[in-house]
1. Only one of (1) more than 18 Å from the chain's Cα centre (by Cα); (2) over 24 Å from R184 (Cβ atoms) is not met by R303, so which one is it?
2. Would you check if S180 is out of contact with any strand residue (DSSP E or B) (no Cβ under 7 Å at 6 or more places or on another chain), modelled with pLDDT under 95 and of a type in the set (S, T, Y)?
3. So which residues in segment 28-39 are among the basic types (K, R) and loosely packed, with under 14 Cβ neighbours inside 10 Å?
4. Could you grab me the full set of residues in segment 249-264 that are over 20 Å from M218 (Cβ atoms) and touching a Phe, Trp or Tyr at 6+ places or on another chain (Cβ under 8 Å)?
5. Any idea which residue in segment 282-337 is surrounded by the fewest Cβ atoms within 10 Å (Cβ to Cβ), counting only those that are at pLDDT 95 or above, hydrophobic (A, V, I, L, M, F, W, C) and outside any helix (DSSP H, G or I)?
6. Mind checking whether some residue in segment 40-53 is in contact (Cβ under 8 Å) with a residue 60 or more places away in the chain, under 18 Å from P228 (Cα atoms) and surrounded by fewer than 18 Cβ atoms within 10 Å (Cβ to Cβ)?
7. Test each condition in (1) away from the ligand (no atom under 16 Å from the Cβ); (2) surrounded by 15 or more Cβ atoms within 10 Å (Cβ to Cβ) for T254 and report the one that comes out false.
8. Scan segment 188-209 and tell me whether some residue there is of a type in the set (D, E, K, R), within 20 Å of the chain's Cα centre (by Cα), part of a helix (DSSP H, G or I) and surrounded by fewer than 18 Cβ atoms within 10 Å (Cβ to Cβ).
Amino acid sequence: MYTQAMDSLSPAETGPRAVRSLQEQELQARFDARIDAGEFIEAKDWMPEHYRKTLVRQISQHAHSEIVGMLPEGNWITRAPTLKRKAILLAKVQDEGGHGLYLYAAAETLGTSRDQLLDALHTGRAKYSSIFNYPTLTWADVGVIGWLVDGAAIMNQVPICRCSYGPYARAMVRICREESFHQRQGYESLLTLMTRGTQAQKDMVQDAVNRWWWPCLMMFGPPDDQSPNSALSMKWGIKRVSNDELRQKFVDATVDQARLLGVTLPDADLRWNEERQHWDFGAIDWDEFKRVVAGHGPCNHERLQARVQAWDDGAWVREAALAYAAKQAQAAMQEAA
Ligand code: BYC
């Protein structure tokens, strides 16, 4: 099963600890009431241990996705076709790095250190979004990542701005503003290729859409009835909209954009359902999703290697920063003496 879920009670919690103190029951009741009232929970507030763990799990996976997500596009910085496109791409990739940092900081407020979080990533224990395990074969992939991957990301992330945990919700407000620029630049880049490009460039865009469409639908996670974390996350207001609902909203929003762009979405079963007032779409290959999440996608190994290499290459920076901090502390002590 592709889960590190923490929504089941551990032996300690089904044992003597299950008989909770009156004080703990009161704290729990107050917490539940605050969640029901739509209040933010802040870092120093009491929270159930499962709530804390669920947040650390989701926020750290999200942070890792941003950092790993820099790699597929970063691959094209040196090959961007014009100076303008290169400047845009550089800014976008830097934004993703910034998003990772806001999110690691939000996770740290829950009592897990950045070193612990990164160690989990580098040793393959932590997850990051399946989408970043696919290769960027042509320049059109960069536009399609902006349009579809960032488009799916925004659809998923706007509701997280209303997440019950304050530091995560506030980080998401800023992230969503930047993601919106990312999505637009991707669409604009593709529109340029489709309206002013050669036939070969138009074919390149269609090929990229064909390869990214289905993995983008997988970004929203497994179907609701196979999503082990959803029930508690929805109850606690960490998730506001379900995986399937978000996926449907994404398809509904994207069909018209594809038509305007002049590309075909690679799904023979895609058709408007008058009764549901939604687009029906074909079956997602959940076996592929499970394979990719389990580490067997086209680029899992390469992505992890690149992150570990970056960490190792940065050792001298960490050492220098620590040496500098020790020197400053020593100077401050001497001054105080
Ligand atoms: N890939 O019970 P479920 C970006 C895992 S960054 C891999 O539904 P949950 C961008 C899931 O973690 C995009 N794993 O889980 C960056 C769980 O495993 P564990 C990232 C996935 O948490 C740079 C298991 O499957 N966005 O867009 O309730 C450049 C069962 O799933 C995936 C976020 O992280 C997946 N696609 O719901 C450009 C947003 N889907 O942990 C763009 C925040 C599911 O139990 N995260 N799994 O072992 C979320 O909203 C939720 O965590 C999810 C999953 C909807 C993703």
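1. With (1) more than 18 Å from the chain's Cα centre (by Cα); (2) over 24 Å from R184 (Cβ atoms) applied to R303, the lone miss is (1).
2. Values: out of contact with any strand residue (DSSP E or B) (no Cβ under 7 Å at 6 or more places or on another chain): yes; modelled with pLDDT under 95: yes; of a type in the set (S, T, Y): yes.
It is true that S180 is out of contact with any strand residue (DSSP E or B) (no Cβ under 7 Å at 6 or more places or on another chain), modelled with pLDDT under 95 and of a type in the set (S, T, Y).
3. First, pick out the residues of segment 28-39 that are among the basic types (K, R): 30, 34.
Across segment 28-39, the qualifying residue is only R30.
4. We begin by selecting, within segment 249-264, every residue over 20 Å from M218 (Cβ atoms); these are 256, 259-262.
Selection gives L261 alone.
5. By that ranking, first place goes to A283.
6. Checked segment 40-53: at least one residue is in contact (Cβ under 8 Å) with a residue 60 or more places away in the chain, under 18 Å from P228 (Cα atoms) and surrounded by fewer than 18 Cβ atoms within 10 Å (Cβ to Cβ).
7. (1)
8. Just the residues of segment 188-209 that are of a type in the set (D, E, K, R), to begin with: 188, 196, 202-203, 207.
From what's left, within 20 Å of the chain's Cα centre (by Cα): none.
Scanning segment 188-209 turns up no residue that is of a type in the set (D, E, K, R), within 20 Å of the chain's Cα centre (by Cα), part of a helix (DSSP H, G or I) and surrounded by fewer than 18 Cβ atoms within 10 Å (Cβ to Cβ).
The values are calculated or read from the model by the stated rules, or taken from the named source; none is laboratory data. These numbers come from a predicted model, not from an experiment. FYI the Cβ positions are ideal-geometry reconstructions off the backbone, even for glycines, and counts take in every protein chain you see.
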